[in-house]
Amino acid sequence: LHRLIRRQRQMCIRDRVYADKTGVGDYIVEDMERAGIPVEGITFTLRTKEEMASLLKQGMEDGWIKIYYDPEILNELNTVKFELTKDGRIKFYHPEGTHDDRFWSLALAIAAYKKKSGGTLVLKVKRQ
């Protein structure tokens with residue numbers, strides 16, 4: 001959280017940070033609010049995941065999202081799977097032994113960006 005606060009101050013974020021508030025994420029969003037970070041908590045549901053993943057896919061297909069080559073993020077983007085539920089919704093999952101954290105972080109960032117602006121978004125994913 002302290003790194004995020006420092007980063008926010010460096011970037012001079014004027015709008016809002018989107019954060020997953022599902023489960024324990026609710027406490028993280030509350031901590032961010034107490035720290036003065038302008039945050040909007042998003043609850044991940046089948047519907048919100050479907051909307052975010054569709055926006056991510058559309059942006060990549062239409063070319064307004066450009067991602068620098070990073071084998072780890074590209075691998076994770078290609079690892080996420082989906083299936084249709086009985087009521088016609090899309091349920092996302094990742095195979096055992098893989099992760100989807102970057103996928104959903106990217107989808108959340110795209111949703112926040114698209115809600116606020118438009119144009120081309122170029123992402124350079126920094127490795128930890």
- prompt: Put a dot 7 Å past each Cα toward the Cβ at residue 47 and residue 79; how far apart are the dots in nm?
  reply: 3.0 nm
Segment residue 54-residue 101, length gained on full extension (0.36 nm per residue, minus Cα span): 15.3 nm
- prompt: For the stretch 44-110, what's the relative contact order in percent, using C-alpha pairs closer than 8 Å and at least 6 residues apart?
  reply: 38 percent
field: Low-density loop cleavage sites - chymotrypsin sites (Phe, Trp or Tyr not before Pro) in the stretch 62-112, where at most 15 other Cβ are within 10 Å (DSSP)
entry: 68, 69
task: Using a 1.4 Å probe over the heavy atoms of the protein chains, calculate the carbon and sulfur portion of the accessible area of the stretch 48-88 as a whole percent.
output: 51 percent
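The values are calculated or read from the model by the stated rules, or taken from the named source; none is laboratory data. Just so we're clear, the structure is a prediction, and the values are computed from it rather than from any experiment. Positions of Cβ are generated from backbone atoms using ideal geometry, with glycine treated the same way; all protein chains shown enter the neighbour counts. Quick note on the areas: whole protein, heavy atoms, side chains included, nothing else; ligands and nucleic acids left out. Shrake-Rupley method; radii C 1.70, N 1.55, O 1.52, S 1.80 Å.
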